[in-house]
Amino acid sequence: MNKLPRVLIVMGSDSDYPIIEPCVKLLNEFAVITEVRICSAHRTPDIAAELARSAEAVGVDVIIAAAGKAAALPGVLAAHTPLPVIGIPIMSDALGGLDALLSIVQMPPGVPVAAVALNGAENAALLAVQIIAVRDGVMRAKMKEYKAGLVRKIEQKDTALQENLRKLYPLA
């Protein structure tokens, strides 16, 4: 592949950035160029539509959209682009994020949006990397190493647990 992969991250409000920041950080670790924007499906629908329509032309590979409450933003973006869109439902005080989750996962036929967990920014980043890795061997190798690192971390934690249990409870 001759270009660095690009992901457009769109959030409905600047208050969503603390939730989105781990996504930006993880994509950066994978050497994915990110553009982070704020727009509203309801208050700036023309801007949202234009971001989605122009994304392919500027080299974006995947769009990640975070939204809470009515969470229309991922669907609005998906309606205006052929690119894959990943929705991050944001937890809210009113309904705990269930409203956002249901808005994202109940898209009509023909307008798919992938959904990750509530506030699931890291998984959104990883899913974007996996989508890019379908055609990018370097990214696929990075993803394999990332997953191998997860295995190593769990193995280390298990080893430490077993050692601690043997010290505390020799008969266990």
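When you check Pro109 against the structure, is it within 18 Å of Ile132 (Cβ to Cβ) and open to solvent by 30 Å² or more (accessible area, probe 1.4 Å), yes or no?
Taking the combined requirement at face value, the residue does not satisfy it.
Looking across the range 112-134, the residues that are closer than 16 Å to Ala31 by Cβ and open to solvent by 40 Å² or more (accessible area, probe 1.4 Å) come down to Gln130, Ile131. Counting only residues that are under 17 Å from the mean Cα position of the chain (by Cα) and either of a type in the set (A, V, I, L, M, F, W, C) or open to solvent by 40 Å² or more (accessible area, probe 1.4 Å) (or both), the range 40-74 holds 12 of them. Once the range 1-37 is narrowed to residues that are out of contact with any Asp or Glu (no Cβ under 7 Å at 6 or more places or on another chain) and assigned to a loop (DSSP other than H, G, I, E, B), the residue that is surrounded by the most Cβ atoms within 10 Å (Cβ to Cβ) is Gly12. If you take the residues in the range 106-136 that are part of a helix (DSSP H, G or I), without any contact (Cβ under 8 Å) to a residue 24 or more places away in the chain and farther than 17 Å from Ala67 by Cα, which one is farthest from the chain's Cα centre (by Cα)? Ranking the qualifying residues of the range 106-136, first place goes to Ala133.
Check whether at least one residue in the range 147-169 is within 30 Å of Ala57 (Cβ to Cβ), open to solvent by 20 Å² or more (accessible area, probe 1.4 Å) and not hydrophobic (A, V, I, L, M, F, W, C), and report yes or no. Scanning the range 147-169 turns up no residue that is within 30 Å of Ala57 (Cβ to Cβ), open to solvent by 20 Å² or more (accessible area, probe 1.4 Å) and not hydrophobic (A, V, I, L, M, F, W, C). Taken over the range 75-106, the criterion of being open to solvent by less than 20 Å² (accessible area, probe 1.4 Å) and on the phi > 0 side of the Ramachandran plot is satisfied by Gly97 alone.
The values are calculated or read from the model by the stated rules, or taken from the named source; none is laboratory data. Remember, it's a predicted structure, so these values are computed and weren't measured experimentally. Note that we place each Cβ from the backbone using ideal geometry, even for glycine, and neighbour counts take in every protein chain shown. The protein model used for the area step is the full one, side chains on, heavy atoms only, and it has no ligands, DNA or RNA in it. Shrake-Rupley method; radii C 1.70, N 1.55, O 1.52, S 1.80 Å.
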